[in-house]
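J.: One structure coming up, written as structure tokens, with questions to follow.
What follows draws every value from the coordinates through simple rules; no lab data is involved. Keep in mind that what you see is a predicted model, and the values were worked out from it rather than measured. With ideal geometry, Cβ positions are generated from the backbone for all residues, glycine too; neighbour counts draw on all protein chains shown.
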Amino acid sequence: MDFAASLSEHPVAATAVGEVIGDVLEQLGPGPDLACLFVTAPHTGALEDVARATEQLLQPRVLLGATASAIVGGRRGVEDEPGLSLFAARLDGTMTALRLTAEQTMDGWVVSGLDHGAASRASTMVLLPDPFSFPADAFLAELARDHPHISVLGGMASAARGPGGNRLVLDGDLVNHGAVGVLLEGVAVTSVVSQGCRPIGQPLIVTKAERSAIYELAGRPALERLLELVEGLSPDERALAARGLHVGIVVDEHQATFDRGDFLVRGVLGADRDSGAVVVGDDVQVGATVQFQVRDAGTAAEDLAGLLAGRSAGGGLLFTCNGRGRAMFGDPHHDAAIVQDVLGPLPVAGMFCAGELGPIGGRNVVHGFTASVALFS
């Protein structure tokens, strides 16, 4: 397998796409199996022409693309400026392009377009949804029921602040709703999902809960447990908790011990002093093991580098949260640079997302403040 990637920050879309296509053709030649195209909001109006040029000149078997608030190419991130990033790969195995649409009915969301025959044989799905028109959580739950062997990696388009503003690319088509993606069969893909948190305190069993409200932890009011924990933190950790506290929900309860990658991290949304409940950003079952978490730039950097260490790849796609980059690290290049520092030089492209997709403990999840990396080998 061979890989190529290129980034252009030229403000004129026609020039930018010419630059990246030229670079990729020089590195890889025409006719790659997969190409992924990511553009920032200033290029949204020109994306149809950009996609058509990529289709005609590069001639990929499958072309995916999305608009984003910021993009990644090599070791650079481009935020709030014109940017265009292109990834291309020659892959062993079989690929099936996906165009998914969703309709909300009286009985809930109905997602159409999944090729169940191809899904039964695939091991990986790369998925680029529009957050305003595609129920990613519901789709992943349905996929877990029908095809639990598939790992889903990708991210939500993030260029727009309202419905209809994002653009998705599948081959020669441009759409503003649903999701596009590709199923990969016989392609070696490793997932790295860095949620950027570290546990504080000890794991506790949920002994009373209802949906997203945890009433008791290990037989005592959850809020009482939380306040006791915060009181015992160091001043630095207490300051982190004050800026945003999270809870990690253990995904695989069969393990004897738990580390960072074993938790699905969700935010603590609030508390009720009267009932002693702590409300979190996901439903929690009685009997689940949870542990409170904190997040800061140093922890997030350490987590991503640690999860990438010891791995190897020929190329990669990086889907990082639009709350990371300059907002978290003061640097738009942070996550891209870590990937290159640990694994590079590596052809990488990607985007900053309004929600990242990646498996934790064998469960495909929509994340926030996360870096989700697809490593091709």
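J.: Report the full-extension gain for the segment His149 to Lys208: residue separation times 0.36 nm, less the Cα-Cα distance, to one decimal in nm.
T.: Numbers: separation 59, 0.36 × 59 = 21.24 nm, distance 3.16 nm.
Extending this stretch completely gives an extra 18.1 nm.
J.: Then there is this: Long-range amide H contacts for Gly201: which residues qualify at under 5 Å (H placed 1.01 Å from N, peptide plane, sequence gap of 5 or more or a different chain)?
T.: Amide H neighbours of Gly201, under 5 Å, 5+ apart: none.
J.: Name the trypsin sites (Lys or Arg not before Pro) in region 68-173 that are in a loop by DSSP and that have at most 12 other C-beta atoms within 10 Å, would you? Please list the in-between numbers first.
T.: Working: sites: Arg75, Arg76, Arg90, Arg99, Arg121, Arg145, Arg161, Arg167; in loops: Arg75, Arg161, Arg167.
The qualifying sites are Arg161.
J.: Any idea which of Gln56, Leu34, Leu346 is furthest toward the positive side of the dipole for the chain, if Lys and Arg beta-carbons carry +1 and Asp and Glu beta-carbons -1?
T.: After comparing all options, I get Leu346.
J.: Any chance you could run the full-extension gain for Glu26 through His116? It's 0.36 nm times the residue separation minus the Cα-Cα distance, nm to one decimal. Write out the running numbers ahead of the final one.
T.: On the way: separation 90, 0.36 × 90 = 32.40 nm, distance 3.68 nm.
The span from Glu26 to His116 would gain 28.7 nm if fully extended.
J.: A follow-up question, please. What value, in deg cm²/dmol to 500, does the helix sum -39500 (n - 2.57) over DSSP H runs of n ≥ 4 give at 222 nm once divided by the residues of the chain?
T.: Numbers: 9 runs with 91 residues, N = 377.
Mean residue ellipticity, 222 nm, calculated: -7000 deg cm²/dmol.
J.: Can I ask one more? Modelling each spin label as a point 7 Å along the Cα-to-Cβ direction, I'd like the Gln285/Arg220 distance in nm, to one decimal.
T.: Result: 2.7 nm between the two label points.
J.: Using packing as a proxy for protection, rank 43-50, 236-243, 366-373 so that the peptide with the highest average count of other Cβ atoms within 10 Å comes first. Walk me through the intermediate numbers first.
T.: Working: 43-50: 18.8, 236-243: 14.1, 366-373: 24.9.
Listed from highest to lowest mean packing, they are 366-373, 43-50, 236-243.
J.: What residue among Gly261, Gly281, Gly325 has the largest mean-square fluctuation in a Gaussian network model of the chain, using Cα springs under 10 Å?
T.: Between Gly261, Gly281, Gly325, it is Gly281 that shows the largest mean-square fluctuation.
J.: Only residues of region 73-93 count here: report those whose backbone N is under 13 Å from the spot 7 Å along Cα→Cβ of Ser123, or say none.
T.: Zone members listed by number: 92-93.
J.: Hey, in the GNM for the chain with a 10 angstrom Cα cutoff, which one of Ser151, Ser234, Ser123 fluctuates hardest?
T.: Greatest mean-square fluctuation among the candidates belongs to Ser234.
J.: Taking every DSSP beta bridge with both residues inside region 282-377, roughly what % is antiparallel (nearest 5)?
T.: Rounded to the nearest five, the antiparallel share is 65 percent.
J.: So what J values fall out for region 125-139 if you push phi through Karplus, 6.51 cos²θ - 1.76 cosθ + 1.60 with θ = phi - 60°, rounded to Hz, Gly and Pro as x?
T.: Rounded to whole hertz, the list is 10, 9, 10, 10, x, 8, x, 8, 10, 10, x, 4, 4, 5, 5.
J.: Once you have the Cα-Cα distance between Glu228 and Ser377, take 0.36 nm times their residue separation minus that, and quote the gain in nm to one decimal. Before the final figure, lay out each step's value.
T.: Working: separation 149, 0.36 × 149 = 53.64 nm, distance 4.66 nm.
Stretched out fully, the Glu228 to Ser377 stretch lengthens by 49.0 nm.
J.: Rounded to the nearest 20 debye, what is the charge dipole size of region 198-295 about its Cα centre when +1 sits on each Lys and Arg Cβ and -1 on each Asp and Glu Cβ? Could the numbers behind the result be given before it?
T.: Numbers: 11 positive and 15 negative charges, 47 e Å.
Dipole magnitude for region 198-295 comes out near 220 debye.
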